[in-house]
Amino acid sequence: MRALLFNIHEGFTNSVQSPSQGRSMSPWEGENSDVTSDIDPDQLARHVLQDLVSRASYGQIKSLMMPLLYFIDNQKLWVPNKFPTHCMSLIMHSIQMSSAYIAIAQLLGHLEEHKDASAKLRCSIVEVVSAAVSIASTESIGPTILEMFGSLLKYLKMSVDTCNIKNVDVEIIREEEEFQDTIVQSVGHFSRSLQTYQKIEICTFLLQNVPSTTDTEEEVQFESILLKCIMKITTSINTNNDKSIGLPTLFPLSLIVPLQRLSLSDSPKTRTMTQQIFHSILDRHNNHEKVMPTVSLGELQEENIFIGPQKKQDVLFFKRNGPEVYFHLYESILKEDNDLDNYTCTFRTAVLWCLEVPVDEVLIELIHMAFGLQDEACSSSRINVNIVHSLVAAFLVFASRYQETKRWTST
């Protein structure tokens, strides 16, 4: 195995080869199987490696992966990671689908051996894992998906803790932040090939790991990074191509309850990110960029806003959860330290509920909330009265236009 890797590396350093798509034919499988003298050692080594991988059984993948990982370690080839990515591409394009997740798990396990290494090296390994996952199919990585995210979460927490060590070097903090960003980007890559219900399960899993308090800087940073991961996942929820997905599937109680709790966080940034997560999951008709609290009635009429169809499962979901939904929106708007983003995002969430569940009960909840906000703005000096009054006006403008559906496109 070492000889194969040596030849592949020699050829790779001279000229980066394009990854093979699928299993390549071995040199001895063609009509000229007796003519191998003109074959480049790198090409021959790649053929042999792919042939070995394609024939490897479930229990033999580890025996193939370990020599590769230790070769890369000994030759110090992780940074830059072009060669490891090249090798993993060869393996993932050749491996049996049912065994692909073993190779990925082995690679993630190797990250544990380098948990104390430099952030650059750990970044490189995570990037290679991400590249391998992008090649594997959904079915092949399904068995270990939560385990994979759990491992990344552990390394993310360790990195955040490192950044908050007293008197830590500025350069180390910068590298650790790059490592954290790499994990966030990798989470997005991992989730792209998953089904919607799997993405929701992963979001729920990540929310379970959000700190219950944010009394320390480490907890604040960890919460922020977890929300970034969730945003990466929810922006890839492909509800626009499958509008039949119902709200009970998109918002199980294990997801919506912690999101509602975060929507009332003491941090304005956390509240904004939480509302953006709601937008990504809730908006099945690409409406959230079209609804703004600053538009006039005339501008609102010109927007090509889609009203979702009435679905029994959505209506039943809102009847059970609607009052709680708008209560949290109401409380979020009344936060004293809100900034413009907070108000804008909360407005969008309130309007999206009306567009996605087009029944009178939702509009009534919206109007009740608007009148409640107006009463609060007239009697309280704790909030930004002008902005709250503007929001109330925007809600009522929307409600009046919402009733006139003739020029709106229904789907």
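The values are calculated or read from the model by the stated rules, or taken from the named source; none is laboratory data. Source: prediction; values computed, not measured. For neighbour counting, all protein chains shown are included, and Cβ atoms are generated from backbone atoms with ideal geometry for every residue, glycine included. Note: areas computed on protein heavy atoms with side chains; ligands, DNA, RNA excluded. Shrake-Rupley method; radii C 1.70, N 1.55, O 1.52, S 1.80 Å.
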For this session: For residue 132, indicate whether it is more than 23 Å from residue 233 (Cα to Cα) and either open to solvent by less than 10 Å² (accessible area, probe 1.4 Å) or assigned to a loop (DSSP other than H, G, I, E, B) (or both).
Result: no
Exercise. Considering only residues of region 335-347 that are of a type in the set (A, V, I, L, M, F, W, C) and open to solvent by less than 50 Å² (accessible area, probe 1.4 Å), which is farthest from residue 394 (Cα to Cα)?
Worked result: 345
Exercise. Has region 69-77 got at least one residue that is within 28 Å of residue 54 (Cβ to Cβ), in contact (Cβ under 8 Å) with a residue 40 or more places away in the chain, open to solvent by 40 Å² or more (accessible area, probe 1.4 Å) and part of a helix (DSSP H, G or I)?
Worked result: no
Seminar exercise, completed: The one condition residue 392 fails out of (1) open to solvent by less than 10 Å² (accessible area, probe 1.4 Å); (2) out of contact with any helix residue (DSSP H, G or I) (no Cβ under 8 Å at 6 or more places or on another chain) is (2)
Problem set entry | Pick from region 348-375, criterion out of contact with any helix residue (DSSP H, G or I) (no Cβ under 7 Å at 6 or more places or on another chain) and open to solvent by 10 Å² or more (accessible area, probe 1.4 Å), ranking: nearest to residue 288 (Cα to Cα) | 358
Seminar exercise, completed: Within region 161-203, of all residues that are of a type in the set (A, V, I, L, M, F, W, C) and over 19 Å from the mean Cα position of the chain (by Cα), the one least open to solvent (accessible area, probe 1.4 Å) is 163
For this session: Among residues belonging to region 32-91 that are within 20 Å of residue 133 (Cα to Cα) and among the basic types (Lys, Arg), point out the one that is modelled with the lowest pLDDT.
Result: 62
For this session: Of the numbered conditions (1) charged (D, E, K, R); (2) farther than 29 Å from residue 97 by Cβ; (3) open to solvent by less than 20 Å² (accessible area, probe 1.4 Å), residue 157 fails exactly one; give the number of that condition.
Result: (3)
For this session: Report, ordered by the first and then the second residue, all pairs with beta carbons closer than 6 Å, sequence separation of six or more or different chains, a first member in region 40-68 that is more than 15 Å from residue 5 (Cβ to Cβ) and among the hydroxyl-bearing types (Ser, Thr, Tyr), and a second member that is open to solvent by less than 80 Å² (accessible area, probe 1.4 Å) and part of a helix (DSSP H, G or I).
Result: 54/94; 58/99
Exercise. If you go through region 142-168 one residue at a time, how many are assigned to a helix (DSSP H, G or I) and within 24 Å of residue 79 (Cα to Cα)?
Worked result: 15
Problem set entry | Subset of region 109-122 (residues that are part of a helix (DSSP H, G or I) and surrounded by fewer than 22 Cβ atoms within 10 Å (Cβ to Cβ)) | 109, 110, 111, 112, 113, 119, 120, 121
Exercise. If we scan region 40-48, do we find a residue that is closer than 27 Å to residue 154 by Cα and either open to solvent by 30 Å² or more (accessible area, probe 1.4 Å) or out of contact with any helix residue (DSSP H, G or I) (no Cβ under 6 Å at 6 or more places or on another chain) (or both)?
Worked result: no
Seminar exercise, completed: The condition from (1) free of Cβ contacts under 8 Å to residues at least 40 places away in the same chain; (2) over 20 Å from residue 356 (Cβ atoms) that residue 199 misses is numbered (2)
For this session: Scan (1) more than 18 Å from residue 277 (Cα to Cα); (2) part of a helix (DSSP H, G or I); (3) open to solvent by 20 Å² or more (accessible area, probe 1.4 Å) for the single condition residue 382 breaks and write down its number.
Result: (2)
